[in-house]
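Let me begin by presenting the structure, written as structure tokens, before commenting on it.
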Amino acid sequence: MATELFHLQITGAISSEENETEAIAALAHILVVPLSQAQLLFSHAPVVVKENIDLDTAVSIESELEKHGI
């Protein structure tokens, strides 16, 4: 049986309670990408930031992003 795979997308919205610079830095840390790439992702949002990931990974990353207001 094939495992269902998911894509994770960010909208570019940041919670009003979060600092934009810190949120983008958190995105870079969570996705393990350079800060400049995280900034580029935000500037092109909505954008898929992870493709073909399993449900557990998608939920885990989504939870981390939400903690940082993303």
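The values are calculated or read from the model by the stated rules, or taken from the named source; none is laboratory data. These numbers were taken from a predicted model, which means no experiment stands behind them. Every residue, glycine as well, gets a Cβ built from its backbone with ideal geometry; the counts of neighbours run over all protein chains shown. Calculation scope for accessible area: heavy atoms of the full protein, side chains included, ligands and nucleic acids excluded. Shrake-Rupley method; radii C 1.70, N 1.55, O 1.52, S 1.80 Å.
For the structure I just gave you, tell me whether Gly69 is in contact with an Asp or Glu (Cβ under 9 Å, 6 or more places away or on another chain), at positive phi and open to solvent by less than 90 Å² (accessible area, probe 1.4 Å). Answer is yes for this residue.
Taking residues in the stretch 1-25 that are outside any helix (DSSP H, G or I), and partners anywhere that are at pLDDT 95 or above and aromatic (Phe, Trp, Tyr), not one pair has Cβ atoms closer than 6 Å while being at least 6 places apart or on different chains. For the stretch 8-25, check the following and say yes or no: at least one residue is at positive phi and modelled with pLDDT under 95. Checking the stretch 8-25: at least one residue is at positive phi and modelled with pLDDT under 95.
Checked against the criterion of being free of Cβ contacts under 8 Å to residues at least 12 places away in the same chain, of a type outside the set (Gly, Ala, Ser) and not in a loop (DSSP other than H, G, I, E, B), the candidates Val33, Val59 yield just one match: Val59. Of all the listed residues (Glu64, Glu51), the sole one being touching a residue at least 12 places away in the same chain (Cβ under 8 Å) and exposed (fewer than 13 other Cβ atoms within 10 Å of the Cβ) is Glu51. Do we have Ala45 as of a type in the set (Gly, Ala, Ser) and either open to solvent by 40 Å² or more (accessible area, probe 1.4 Å) or in a helix (DSSP H, G or I) (or both) here? The answer is no for Ala45.
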